[in-house]
Amino acid sequence: MGNDETKFFNRPDHWRICGGFVVRMHCWDGDYVVYNPFSGQTHRLDIVSGRLLQWLNTGPKTFGTLCRDVETFLELDDQTLTKATVGRILESLSDAGLVEAQGDFDGRTS
Amino acid sequence: MASARRPENDLGNRRVGLFSVSIDCTDVDDALARQVALLYGDYPLADTTAPPDIVVRPQWCRRRLPFGSRLVDHRVNGDFPFNPVPAGHSLPMIEIGLNWFIARYCTTHLLFHAAAVARDGKAILLPGASGAGKSTLSASLMAEGWQLLSDEFAILGSEDRRLHPHPRPVSLKEESIDVVARALPNACFSNRITGTAKGTIAYLKPSPDSLDKAHRSAVPVAVIFPRFSAQGAPVLKPLTKADSFMRLIDHSANYFTIMEAGFEALAGLVDSCPHYDFVYRSLDQAISEITAIHAGL
């Protein structure tokens, strides 16, 4: 197993918007802008990151659910690629302070 | 020896768009007071039963420059936010003081470093960095009968999503002073002020029509990011809404202060109209392009 794969297979399983909040976001032609209420920063997201954040806006999700949603949305049939993509997106949203992983909260997930 | 106060050098409270403003020159010499009266003397008087929203009061500083030249301090609502400047640079400092106060304390509106002009109640927002040519462009549009809403500080209502007039004297620099003076031969200009950080500058008083309509807000119908370039072909390029959104954040003076309200107001603006990047080579061309865009909306 390569390093990248180890990285996403070891990834926490449950994700939500930081603090369980709902973030404000707008989408135009597949470009998202999202307001981070904790930092006051505004982030621009591509369509996949924006969609993923939109799904998390409806409530906490498991990594597997997010992967399935992204797989359907992008019509991918390569699970490894999907997991790597979702892993990278979650990492970057987490770095931006928009989402957080299981362990940081006790929430119910779908 | 203390200078005598000159009560006649106080214009009283004037209505400048949303704000009542007092520029009190009673503590300085008549030359500055005359310039302030020239630029602000035709603004309508504000309600005198309430204190003005903003009071800028230039006053002599005890410290002097070598050879005895005098410095002026600028008190803005009780604060001294700036270092004193030579007396000849007091007028730009008064303008900066007004901007400083509005940017710092206005939380009900989203502020942009932008010119804004309107016709028939429909406004065009012209955001641009310093030197992009927005003041020259807005002055030239004013010469063509457009209402000046703002030359460098546009005000968007975070609730009503309308552009509110804030017609202040237009700050022109270097060659653009002569360009605008040719376009507006009967217009009223301040003295030229040399040696400022922006070089030689002069202020143009807004047109009588712009002052008459200073209580009428307008609906934004387009956002155009203008940039003057003497070389190359003119370019008018539509911008994606997300591109415009992020650029408008960079041009806002208080986006990070008003937080979610600013985000939603900006989204409302971005949603409601088209956005363009516009590189122009001549004012005539810019005026005709902007007029055509406005007419089609």
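Among the residues of region B:220-236, are any within 14 Å of another protein chain (Cβ to nearest Cβ), in contact (Cβ under 8 Å) with a residue 24 or more places away in the chain and assigned to a helix (DSSP H, G or I)?
No, there is no match, as no residue in region B:220-236 is within 14 Å of another protein chain (Cβ to nearest Cβ), in contact (Cβ under 8 Å) with a residue 24 or more places away in the chain and assigned to a helix (DSSP H, G or I).
Can you tell me which residue in region A:21-75 is farthest from the other protein chains (Cβ to nearest Cβ), limited to those that are in contact with a strand residue (DSSP E or B) (Cβ under 7 Å, 6 or more places away or on another chain) and charged (D, E, K, R)?
Among them, the one singled out is A:K61.
Could we say that B:S130 is touching an Asp or Glu at 6+ places or on another chain (Cβ under 6 Å) and outside any strand (DSSP E or B) here?
Answer is no for this residue.
Take B:A292 and tell me if it is more than 13 Å from chain A (Cβ to nearest Cβ), in a helix (DSSP H, G or I), within 28 Å of B:A139 (Cβ to Cβ) and of a type in the set (A, V, I, L, M).
Spelling it out, B:A292 is indeed more than 13 Å from chain A (Cβ to nearest Cβ), in a helix (DSSP H, G or I), within 28 Å of B:A139 (Cβ to Cβ) and of a type in the set (A, V, I, L, M).
Might you check whether a residue that is buried (at least 16 other Cβ atoms within 10 Å of the Cβ), of a type in the set (V, I, T) and away from chain A (no Cβ under 11 Å) occurs anywhere in region B:274-283?
Yes, some residue in region B:274-283 is buried (at least 16 other Cβ atoms within 10 Å of the Cβ), of a type in the set (V, I, T) and away from chain A (no Cβ under 11 Å).
Output the number of residues of region B:241-251 satisfying the condition of being touching a Leu at 6+ places or on another chain (Cβ under 8 Å) and at the interface with another protein chain (Cβ under 9 Å from one of its Cβ atoms).
Residues meeting the conditions: 2.
Taking region B:67-109 as the search range and keeping residues that are of a type in the set (F, W, Y) and not in a helix (DSSP H, G or I), which one is nearest to B:G195 (Cα to Cα)?
Going through the qualifying residues, I end up with B:F82.
Looking only at residues that are over 22 Å from B:D30 (Cβ atoms) and more than 16 Å from the chain's Cα centre (by Cα) in region B:191-207, which one is modelled with the highest pLDDT?
Looking at residues that are over 22 Å from B:D30 (Cβ atoms) and more than 16 Å from the chain's Cα centre (by Cα), I get B:T200.
Restricting region B:255-269 to residues that are buried (at least 18 other Cβ atoms within 10 Å of the Cβ) and under 22 Å from the mean Cα position of the chain (by Cα), which is farthest from B:L137 (Cα to Cα)?
My answer is B:I258.
Taking B:S135 as the residue in question, decide whether it is hydroxyl-bearing (S, T, Y), in contact with a helix residue (DSSP H, G or I) (Cβ under 8 Å, 6 or more places away or on another chain) and exposed (fewer than 13 other Cβ atoms within 10 Å of the Cβ).
no
How about region A:52-66: which of its residues are touching a residue at least 12 places away in the same chain (Cβ under 8 Å) and loosely packed, with under 15 Cβ neighbours inside 10 Å?
Answer for region A:52-66, where residues must be touching a residue at least 12 places away in the same chain (Cβ under 8 Å) and loosely packed, with under 15 Cβ neighbours inside 10 Å: A:G59, A:G64.
Would you check which residues across region B:188-198 are under 10 Å from B:I177 (Cβ atoms) and either touching a Lys or Arg at 6+ places or on another chain (Cβ under 6 Å) or surrounded by fewer than 17 Cβ atoms within 10 Å (Cβ to Cβ) (or both) and list them?
B:R192
Exactly one condition in (1) over 27 Å from B:H215 (Cβ atoms); (2) buried (at least 18 other Cβ atoms within 10 Å of the Cβ) is not met by B:V36; state its number.
In the conditions (1) over 27 Å from B:H215 (Cβ atoms); (2) buried (at least 18 other Cβ atoms within 10 Å of the Cβ), B:V36 misses (1) alone.
Please determine whether any residue of region B:252-262 is of a type in the set (F, W, Y), outside any helix (DSSP H, G or I) and either touching a strand residue (DSSP E or B) at 6+ places or on another chain (Cβ under 6 Å) or within 14 Å of chain A (Cβ to nearest Cβ) (or both).
No; the residues of region B:252-262 include none that is of a type in the set (F, W, Y), outside any helix (DSSP H, G or I) and either touching a strand residue (DSSP E or B) at 6+ places or on another chain (Cβ under 6 Å) or within 14 Å of chain A (Cβ to nearest Cβ) (or both).
Based on this model, can you work out whether B:S210 counts as in contact with a Gly (Cβ under 8 Å, 6 or more places away or on another chain), within 30 Å of B:N186 (Cβ to Cβ), in contact (Cβ under 8 Å) with a residue 40 or more places away in the chain and among the polar types (S, T, N, Q)?
no
Determine whether region B:183-195 contains at least one residue that is in a helix (DSSP H, G or I) and at negative phi.
Looking through region B:183-195, at least one residue is in a helix (DSSP H, G or I) and at negative phi.
The values are calculated or read from the model by the stated rules, or taken from the named source; none is laboratory data. This structure is a prediction, so every number in the text was calculated from the model and none was measured. Heads up, the Cβs are rebuilt from the backbone with ideal geometry, glycines too, and the neighbour counts pull from every protein chain shown.
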